[in-house]
Amino acid sequence: MRIAVVPGDGIGAEVVPAVLPALDLLGRAFGLDVRYDVFGWGADEWLATGTGLPDGALDTLRDEYTAVLLGALGDPRIPDMAHGRAILLGLRRGLDLYVNYRPIPLPSGDTIQLFRENTGGLYSGVGGTVSRGTVAQVAIDESVYTRDTVERFTRYSLARLRELGCRRAVLVHKANAVPNTGRLWREVYYREAERFGDVETSDEYVDSFCYHLVRDPARYQAVLAPNLFGDIISDIGAALMGGLGLAASASVCPETGQALFEPVHGSAPDIAEKGIANPYAAARCLVLLLDHAGHAEPARLLDRCLDEAMRTDARTPDVGGHGTTHGFMAEVTNRLAAATGDGRSAA
Ligand SMILES: NC(=O)c1ccc[n+]([C@@H]2O[C@H](COP(=O)([O-])OP(=O)(O)OC[C@H]3O[C@@H](n4cnc5c(N)ncnc54)[C@H](O)[C@@H]3O)[C@@H](O)[C@H]2O)c1
């Protein structure tokens, strides 16, 4: 596995380096050929050089790397997040990572499988501003979906959720108020669903869906969502899991196998440089990455050690503990070392 590591800004640059020793340990223990290179794309580089994604970066990632591990982007010095859009949206669109998969493990033991369309909708970059700064200012962001974009996402998500053992899926939309894209999504979803007769399919308005999700999450097994709704729902999902520090995501292009793994959280400037950022989400990204690369056994082991460490006081303050970023990962790597007989834990 060749992994391009982009720690990014704020706590991204803290949690990503903190989880890499666990990957090293698993690589040694399971004989995996894991190598990674660190790329300094982020706010500092943007401010120094004006570069988000350097020329040729997408080709390099396509040709030389199995996956990207990204921390977070976001910096108070760049309030419009221009660098974040350039890098993150540049990677998602440039590598055509059109499925964003965000599992939501619930305290009950159930998991909701959330699939978010990742390249279109309101994130298409279509729109503009005129008369900026005057009373006549007009601001337009268009939500753009093509039939093909919706079809490929829906087909993949339905197939994948069935592989994951789900027998119920719901599409969220807002077709009553946003009829054009809403109609397209519903038509395509039900047409594609005909191929998956053993999956019970339904659709809900996103507002009522959010209400039910909070009141009774067990109602849902798998959720398909257009880009913006999926983004928002995944933060509700993070809250249901116990906090933003716990939620991980994978963005994939099923046709090429290209994938990017990132925590759902942002750069959290309010806790940056305090050493208390929760590395669980970044470490769960490694679980998703190992699974994606076909290494189920180390993935399950890391998952188990993360959950065991979460039940100790090594967990970080956002989830009720007194631990630190590195202390928590030391707890995890000690458990990994004990389970694999690896003497060189990071602790
Ligand atoms: N994918 C991304 O890179 C991404 C995602 C969301 C936000 N952002 C950016 O991040 C910056 C901050 O955004 P925000 O404050 O709205 O969201 P945020 O996710 O950074 O933080 C929200 C709250 O959750 C807490 N939190 C988040 N992750 C945590 C962790 N691992 N451990 C402990 N606590 C954690 C923070 O302390 C904060 O109180 C902004 O610039 C925003 O644009 C980037």
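The values are calculated or read from the model by the stated rules, or taken from the named source; none is laboratory data. Everything numeric here is computed off the predicted structure, so don't read it as measured data. Virtual Cβ from ideal backbone geometry, glycine too; neighbours counted across all protein chains shown.
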Being surrounded by 24 or more Cβ atoms within 10 Å (Cβ to Cβ), closer than 26 Å to Leu32 by Cβ, in the same structural domain as Ala339 (by TED's automatic domain parsing) and not hydrophobic (A, V, I, L, M, F, W, C) narrows Pro254, Pro279 down to just Pro279
Say whether the condition of being closer than 28 Å to Asp231 by Cα and away from the ligand (no atom under 15 Å from the Cβ) is met by at least one residue in segment 4-16. yes
Next on the checklist: Scan segment 313-320 and tell me whether some residue there is under 25 Å from Ala67 (Cα atoms), of a type in the set (Asp, Glu) and assigned to a helix (DSSP H, G or I).
Outcome noted: no
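Results for (1) within 22 Å of the chain's Cα centre (by Cα); (2) at pLDDT below 95; (3) within 16 Å of the ligand (Cβ to nearest atom); (4) not assigned by TED's automatic domain parsing to the domain that holds Leu224, shown as yes or no for each residue.
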site	(1), (2), (3), (4)
Phe30	no, no, no, yes
Val34	yes, yes, no, yes
Gly42	yes, no, yes, yes
Trp46	no, no, yes, yes
Leu58	yes, no, no, yes
Val68	yes, no, yes, yes
Leu73	yes, no, yes, yes
Leu89	yes, yes, yes, yes
Leu97	yes, no, yes, yes
The strands (runs of 3 or more DSSP E) lying wholly within segment 1-106 that contain at least 3 residues that are buried (at least 17 other Cβ atoms within 10 Å of the Cβ) are 2-8, 67-72, 99-105
The condition from (1) in contact with a Pro (Cβ under 9 Å, 6 or more places away or on another chain); (2) within 29 Å of Pro7 (Cα to Cα); (3) part of a strand (DSSP E or B) that Asn278 misses is numbered (3)
Filtering segment 257-272 down to residues that are surrounded by 18 or more Cβ atoms within 10 Å (Cβ to Cβ) and within 11 Å of the ligand (Cβ to nearest atom) yields Leu260, Glu262, Pro263, Val264, His265, Gly266, Ser267, Ala268, Ile271, Ala272
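Table: residues versus (1) part of a helix (DSSP H, G or I); (2) farther than 26 Å from Leu73 by Cα; (3) within 13 Å of the ligand (Cβ to nearest atom).
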position	(1), (2), (3)
Asp203	no, yes, no
Leu240	yes, no, no
Pro254	no, no, no
Lys274	no, no, yes
Leu286	yes, no, no
Gly294	no, yes, no
| surrounded by fewer than 22 Cβ atoms within 10 Å (Cβ to Cβ), in contact (Cβ under 8 Å) with a residue 12 or more places away in the chain and within 16 Å of the ligand (Cβ to nearest atom): does that describe Gly230? | no
Checked segment 185-201 for anything among the acidic types (Asp, Glu) and part of a strand (DSSP E or B); matches are Glu200
>> On the basis of being part of a helix (DSSP H, G or I), touching a Leu at 6+ places or on another chain (Cβ under 8 Å) and touching a residue at least 12 places away in the same chain (Cβ under 8 Å), does Leu213 make the cut?
In response: yes
The condition of being without any contact (Cβ under 8 Å) to a residue 12 or more places away in the chain and assigned to a helix (DSSP H, G or I) holds, among Gly182, Gly165, only for Gly182
